[in-house]
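Below: one structure, written as structure tokens.
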Amino acid sequence: MHRGRGRRGRRDAPYHPHPRRRSHGHGPPRLAHQAFDLWQAEEFFPRAGPSPDNDALTKALIARHTQLLPRPSQQTQVTDLVTKVTAIMDNLIVLQTGHEEHAIEELRPVGNHKQGTAMVNDQCAELVVLFKVWPTVKCIEKLSELIVENLREMEVPSGSITMTNDKAGFTIQVETCQVRCHASTLPESWLEPTLPGQVEVRDIENGLAYIRHTRWFEENVTQTGTRMLIRLLSDIGSRITGFKHLTPWMLVLLAHQASLAPGRRDTLPIAQAFRCVLENGHLVIGASFLNSVFCICSIYVH
């Protein structure tokens, strides 16, 4: 008598906790095991010698972080543009009847400017526009045109306003400042029938992910040292080719996990946290991963 094995497939097939993460035979499965962290295991592996002097590294990191901070004039310009765009959308939400094709349910600020991790010359703020129905390319164009018309009524020079539309949202630029608006919708709209010209599902999911990431950041990243480490890692990612594949969300998770002090709620000094990222195996191929609270599987950083 032949007995079943409990699940279909080959006996030597690797088990995958999420069906969309399967390799389908295109390579060996990844083993998600925690990288060895010297700071986390300091109780079991005491130092044989004195601790290294991190004063020079700390001064260098602080000096570099000071150079990466955005200028107050740049932040003021971006904040003014975001305030105007937000006020226009709030008025549209109040005046709409709910039957318009571009009816808005809610507006959420996201991105580096909302999280307080903006860098120098980063003059692009991000917003997520939640439509009441599944957005289409036409309704995105209609909303962007209404915003531009209202900006002109606010005595903004029409020659300095530039608008760019795409399938996932639109970007409004006034001189050197930009506001990027990502189009998304409520989870209830996922059951509606699909129509031609609608925004792709991946773009809708990205907009909702930006909101979740920003909310998680506000609840868990409250220390200044972690924000400093995020800026430093972003600077490394912009200058080193191997780091350019890291998304902003990966950098946030790297900085958050590296800066946590073992057994305490406070953070490590900036020099120790910076060395933790580079020395403790987080970037070793096949040995490091980041646990995301929004993913069933781990997120690999290599």
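The values are calculated or read from the model by the stated rules, or taken from the named source; none is laboratory data. Quick caveat, the model's predicted, so the values are computed rather than measured. Note that each Cβ is placed from the backbone with ideal geometry, even for glycine, and that neighbours are counted across all protein chains shown. We work out accessible area using only protein heavy atoms, side chains counted, and drop any ligands, DNA or RNA first. Shrake-Rupley method; radii C 1.70, N 1.55, O 1.52, S 1.80 Å.
Quick notes on this structure:
- Within segment 189-217, considering residues that are more than 21 Å from LYS138 (Cα to Cα) and either modelled with pLDDT under 90 or of a type in the set (A, V, I, L, M, F, W, C) (or both), the one surrounded by the most Cβ atoms within 10 Å (Cβ to Cβ): PHE217
- Of all residues in segment 243-258, exactly one satisfies the criterion of being at pLDDT below 85 and among the polar types (S, T, N, Q), namely GLN257.
- Which numbered condition ILE161 fails, given (1) in contact with a helix residue (DSSP H, G or I) (Cβ under 7 Å, 6 or more places away or on another chain); (2) open to solvent by less than 40 Å² (accessible area, probe 1.4 Å); (3) more than 26 Å from SER234 (Cα to Cα); (4) in contact (Cβ under 8 Å) with a residue 24 or more places away in the chain: (4)
- Residue within segment 136-149 that is in a strand (DSSP E or B), of a type in the set (Ser, Thr, Tyr), within 18 Å of GLN96 (Cβ to Cβ) and open to solvent by less than 30 Å² (accessible area, probe 1.4 Å) present: yes
- Residue that is surrounded by the fewest Cβ atoms within 10 Å (Cβ to Cβ), among those in segment 61-120 that are in a helix (DSSP H, G or I) and among the hydroxyl-bearing types (Ser, Thr, Tyr): SER73
- Within segment 218-244, the set of residues being touching a residue at least 12 places away in the same chain (Cβ under 8 Å) and open to solvent by 90 Å² or more (accessible area, probe 1.4 Å) comprises just one member, GLU218.
- Options LYS167, LYS132; residue that is under 22 Å from the mean Cα position of the chain (by Cα), of a type in the set (Lys, Arg), closer than 25 Å to GLU205 by Cβ and modelled with pLDDT under 90: LYS167
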